[in-house]
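Take a look at the structure set out below.
Values quoted throughout were computed directly from the atomic coordinates according to the rules given, and no laboratory measurement underlies them. All of these numbers come straight from a predicted model, not from anything done at the bench. Note that each Cβ is placed from the backbone with ideal geometry, even for glycine, and that neighbours are counted across all protein chains shown.
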Amino acid sequence: MPAAGALAPRAARPDAGRTGRASPDRWPPGGEHAYPVPGAAAPGAAAKKKTVHASERDTAQVRQARRQYWQGIARHAPARLKFVDESGVNIAMTRRYGRARRGQRVHDAVPKNWGRNVTVLGSLSCQGLEAVMTIEGATDGAVFFAYVSQVLAPTLKPGDVVVMDNLGAHKVDGIRSAIEARGAALMYLPPYSPDYSPIEPCWSKLKTYLRAIKARTLEALDQALAHVIDTVTASDAKEWFKHCGYAFH
């Protein structure tokens with residue numbers, strides 16, 4: 001596991017093929033709210049877990065920001081988009097569900113004191129997960145600037161568009177200039193809009209794998225991360241892009 005501030009860039013996967021432009025009207029289909037499910041009230045309908053979003057997303061101001069985002073992002077082919085984010089993992093991760101006889105509990109043992117989280121920073125393009133860096137502890141402005149300037153920026157090409165959320169650490173001085181110096185552009189997601197970021201389901205895949213592996217040392221966690229990062233394929237990335245509304249042709 002690299003020490004704090006250590007950089008661990010990884011190569012991009014092969015190109016996923018031809019892509020097209022996203023349409024500002026493509027997502028969300030029919031507006032901000034999901035279509036009713038046919039037959040949901042019919043006999044035999046099952047109870048299901050809710051898909052929840054922040055209620056602030058439904059305000060007029062945020063809805064307008066979401067529309068404006070699509071108007072801007074639609075000018076760029078999905079092949080040029082790179083979604084940057086970070087996610088925390090640790091050595092106490094385990095599966096959230098297990099099997100047991102009816103009426104019995106499912107038990108598991110995890111470390112009570114697992115130390116600091118490990119933060120994974122990365123960039124998801126339609127080719128896969130790129131420019132990955134891991135660091136022990138949380139991300140702040142200094143760490144994120146080091147990541148952008150030393151790991152992400154060297155992978156950028158003129159015409160690329162880096163997209164990230166509005167976290168304060170993502171807006172420190174030098175971030176935009178480091179990206180634009182490579183001929184790339186920087187865009188921010190609208191507030192309360194993780195559903196527009198295909199790197200979110202990528203993190204979900206990584207964490208599902210890590211929960212199954214149950215790495216209980218930092219060395220084992222680092223090895224597990226290296227393996228699962230390499231399993232993120234161009235096909236995975238394209239499906240996540242499509243799921244978030246970015247059109248491919």
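I need the full set of residues from segment 44-77 which are closer than 30 Å to ALA138 by Cα, in contact (Cβ under 8 Å) with a residue 60 or more places away in the chain and not acidic (Asp, Glu), in order please.
HIS53, ALA54, ARG57, VAL62, ALA65, ARG66, TYR69, ILE73, listed by residue number.
Identify the single condition in (1) touching a strand residue (DSSP E or B) at 6+ places or on another chain (Cβ under 8 Å); (2) of a type in the set (S, T, N, Q); (3) exposed (fewer than 14 other Cβ atoms within 10 Å of the Cβ) that THR233 does not satisfy, given that it satisfies every other one.
Among (1) touching a strand residue (DSSP E or B) at 6+ places or on another chain (Cβ under 8 Å); (2) of a type in the set (S, T, N, Q); (3) exposed (fewer than 14 other Cβ atoms within 10 Å of the Cβ), the lone unmet condition for THR233 is (3).
Within segment 117-126, does at least one residue satisfy the condition of being more than 23 Å from ARG57 (Cβ to Cβ), surrounded by fewer than 16 Cβ atoms within 10 Å (Cβ to Cβ) and hydrophobic (A, V, I, L, M, F, W, C)?
No: segment 117-126 contains no residue that is more than 23 Å from ARG57 (Cβ to Cβ), surrounded by fewer than 16 Cβ atoms within 10 Å (Cβ to Cβ) and hydrophobic (A, V, I, L, M, F, W, C).
What about THR217, is it touching a residue at least 40 places away in the same chain (Cβ under 8 Å), surrounded by fewer than 16 Cβ atoms within 10 Å (Cβ to Cβ) and in contact with a Lys or Arg (Cβ under 7 Å, 6 or more places away or on another chain)? Can you show your working first?
Details: touching a residue at least 40 places away in the same chain (Cβ under 8 Å): yes; surrounded by fewer than 16 Cβ atoms within 10 Å (Cβ to Cβ): yes; in contact with a Lys or Arg (Cβ under 7 Å, 6 or more places away or on another chain): no.
Considered against the rule, which asks whether it is touching a residue at least 40 places away in the same chain (Cβ under 8 Å), surrounded by fewer than 16 Cβ atoms within 10 Å (Cβ to Cβ) and in contact with a Lys or Arg (Cβ under 7 Å, 6 or more places away or on another chain), THR217 comes out as no.
Restricting to segment 154-170, name every residue that is of a type outside the set (A, V, I, L, M, F, W, C), surrounded by fewer than 17 Cβ atoms within 10 Å (Cβ to Cβ) and either free of Cβ contacts under 8 Å to residues at least 24 places away in the same chain or under 21 Å from GLU130 (Cβ atoms) (or both). Working first, answer last.
Taking segment 154-170 and keeping what is of a type outside the set (A, V, I, L, M, F, W, C), we get 154-155, 157-160, 165-166, 168, 170.
From what is left, the residues that are surrounded by fewer than 17 Cβ atoms within 10 Å (Cβ to Cβ) are 154, 157-159, 166, 168.
Listed by number, the residues that qualify are PRO154, LYS157, PRO158, GLY159.
So which residues in segment 176-194 are over 18 Å from GLU130 (Cα atoms) and surrounded by 18 or more Cβ atoms within 10 Å (Cβ to Cβ), if there are any at all?
LEU189, PRO190, TYR192, SER193
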